[in-house]
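Asker: Have a look at the structure that comes next, please.
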Amino acid sequence: MQVCVYCASSARIHEEYFRATEKLAIELVKAKVEVVYGGGGTGLMGQLADTMLQEGGSIRGIMPQFMNEVEWGHRGVTDFIYTQTMHERKSKFLEGTDAIISLPGGTGTLEELMEAITLKKLGQITKPIVLLNTRGFYNGLLSFLDHCVQEDFMGNGNEDIWRVVNEPHEVIPAILSATHTPVDLKNVGYLTK
Ligand code: AMP
């Protein structure tokens, strides 16, 4: 199985985020899951890559050339794909990956996650999307998405679109138990009055 992991570049975050990422990477290597990620050497990206490599796992970075030029790439990761644009990078994250894991992060992580959720809502992907809610990081976003549902900007039944777990050891079971049913675009409730 190959998963794409979206996560933070910031190094200034609480230690618990690093420890959760480390635990997740150990779980992924144990389960022989290959990782594709943004290729960064800092923050949770750096932690993810460090632990994957230490544990003998497989990790590929996908990074736009402009980030490589300013040497943002992880120095130990040898499997790299360089893209021309951020858009191309995001589409490569999804090529051939079986699931998406979103760890805490800033706008980069959030836009990657929102794109994946949107693609899944539009039936363009069916991969499981799992959010690791360390320190309740995603609570605000989840309550805003719930607000979108309450105000009828979105339909409900989103438990098939994304799953939320609190602990790293829950991530792989959430992926394995997810359904892959494509969204029925002919039957989207909120398009009619
Ligand atoms: P953020 O969640 O805002 O920290 O962004 C994480 C995402 O932003 C990554 O997937 C990258 O697209 C990009 N990014 C931002 N800063 C860096 C960095 N220093 N090194 C590598 N990627 C970065």
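Asker: Output the 0 to 90 degree angle, nearest 10, between the alpha-carbon long axis of helix 107-121 and the longest principal axis computed from the alpha carbons of the chain.
Answerer: Once rounded, the angle reads 40 degrees.
Asker: Also, I was wondering about something else. Mind ranking LYS30, LYS121 by accessible surface for me, highest first, 1.4 Å probe?
Answerer: LYS30, LYS121
Asker: For region 1-63 and region 120-193, write down the distance between their C-alpha centroids in whole Å.
Answerer: After rounding, the separation between the Cα centres reads 22 Å.
Asker: Related question: Relative to the Cα centre, what is the charge dipole magnitude of the chain, using +1 at the beta carbon of each Lys and Arg, -1 at the beta carbon of each Asp and Glu, and rounding to the nearest 20 debye?
Answerer: The dipole magnitude comes to about 180 debye.
Asker: Between SER58, SER177, SER102, find the one with the highest GNM mean-square fluctuation for the chain; connect C-alpha pairs within less than 10 Å.
Answerer: Judging by the Gaussian network model, the answer is SER177.
Asker: While we're here: Ordering MET1, MET52, MET67 by how much accessible area each has at a 1.4 Å probe, largest first, what is the list?
Answerer: Sorted descending by solvent-accessible area, the residues read MET1, MET67, MET52.
Asker: I would also like to ask the following. Round to a whole number: what % of the accessible area of the chain belongs to carbon and sulfur, probe 1.4 Å?
Answerer: Roughly 51 percent, rounded to a whole number.
Asker: Okay, moving on. Hey, can you find the accessible area per residue of the chain for me, probe 1.4 Å, expressed in square angstrom? Spell out each step's value before the answer.
Answerer: Numbers: 10210 Å² over 193 residues.
That works out to 53 Å² per residue.
Asker: Tell me the accessible surface of ILE100 in square angstrom (1.4 angstrom probe, heavy atoms of protein chains only), to the nearest ten.
Answerer: The accessible area comes out at roughly 0 Å².
Asker: Please list, or write none, the aspartates and glutamates whose alpha carbon is within less than 19 Å of the alpha carbon of LYS121, excluding same-chain residues fewer than 8 places away.
Answerer: GLU95, ASP98, GLU111, GLU112, ASP146, GLU151, ASP152, GLU159, ASP160, ASP184
Asker: Could you work out how far helix 15-30 tilts from the main Cα principal axis of the chain, as a 0 to 90 degree angle to the nearest 10?
Answerer: Here the helix axis deviates by roughly 90 degrees.
Asker: Looking at this model, which pairs from LYS127/LYS186; LYS30/LYS186; LYS90/LYS193 are more than 29 angstrom apart at the alpha-carbon?
Answerer: Beyond 29 Å between Cα atoms: LYS30/LYS186; LYS90/LYS193.
Asker: Considering the chain as a Gaussian network with a 10 Å cut-off on Cα pairs, which listed residue, GLY40, GLY73, GLY155, attains the greatest mean-square fluctuation?
Answerer: Fluctuation is largest for GLY155.
Asker: Choose one answer from PHE137, PHE66, PHE18: the residue with the largest mean-square fluctuation in a GNM of the chain with alpha-carbon springs under 10 Å.
Answerer: PHE66
Asker: Related question: Report, in deg cm²/dmol and to the nearest 500, the calculated mean residue ellipticity at 222 nm for the chain, where each DSSP H run with n ≥ 4 adds -39500 (n - 2.57) and the sum is divided by the residue count. Please list the in-between numbers first.
Answerer: Values: 7 runs with 76 residues, N = 193.
Mean residue ellipticity at 222 nm (helix-derived): -12000 deg cm²/dmol.
The values are calculated or read from the model by the stated rules, or taken from the named source; none is laboratory data. Just so you know, these numbers come straight off a predicted model, no measurement behind them. Positions of Cβ are generated from backbone atoms using ideal geometry, with glycine treated the same way; all protein chains shown enter the neighbour counts. We work out accessible area using only protein heavy atoms, side chains counted, and drop any ligands, DNA or RNA first. Shrake-Rupley method; radii C 1.70, N 1.55, O 1.52, S 1.80 Å.
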